[in-house]
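The values are calculated or read from the model by the stated rules, or taken from the named source; none is laboratory data. The shown structure was predicted, so the numbers you read here are calculated from the model rather than taken from an experiment. Glycine gets a Cβ as well: all are built from the backbone with ideal geometry, and neighbour counts include every protein chain shown.
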Amino acid sequence: MPTHHTINYLELPAADPGATKAFFSKVFNWSFTDFGPDYCAREGGEIDVGFFRIDDTNKASRQALGAALIVFYSSDIERTLRDVKAAGGRVIKPIFDFPGGRRFHFLEPSGNEFAVWSDPAD
């Protein structure tokens, strides 16, 4: 049962849900359930995620326009960066240091912006 007043689901647009599913399956080993041709969901994680089909997605940085940014943690940020690129993600901010760690930003095939962070470099 979900916990009262906590975030338990995230829904994002996807210009190409098939490409989005393939990307997240390849990089993060997610599996999806299709709910018709225009909606798919990844369930069973800390937060379930759904993607719905839209006709177009702005490929520019959504965070810069004030959109929420979803950030993944990685214990090996360089490997995750390679996996993102190999799966067709577009890096829009290469790895950079920030107080407390390092991170990079990328767009998945449908244009949604995400970030990955890791602990500071040794």
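What to note about this one:
- Of all residues making up region 68-115, the number that are assigned to a strand (DSSP E or B), surrounded by fewer than 19 Cβ atoms within 10 Å (Cβ to Cβ) and among the aliphatic types (A, V, I, L, M): 6
- Of the residues making up region 24-38, just one is farther than 27 Å from Y73 by Cβ and not in a loop (DSSP other than H, G, I, E, B), namely D34.
- Hey, K21 at pLDDT 90 or above, closer than 17 Å to L10 by Cβ and assigned to a helix (DSSP H, G or I) or not: yes
- Among residues of region 45-63 being surrounded by fewer than 12 Cβ atoms within 10 Å (Cβ to Cβ) and over 16 Å from the mean Cα position of the chain (by Cα), the one that is modelled with the lowest pLDDT is D56.
- For region 1-30, filtered to residues that are in contact (Cβ under 8 Å) with a residue 12 or more places away in the chain and among the hydroxyl-bearing types (S, T, Y), the residue that is farthest from V71 (Cα to Cα) is T20.
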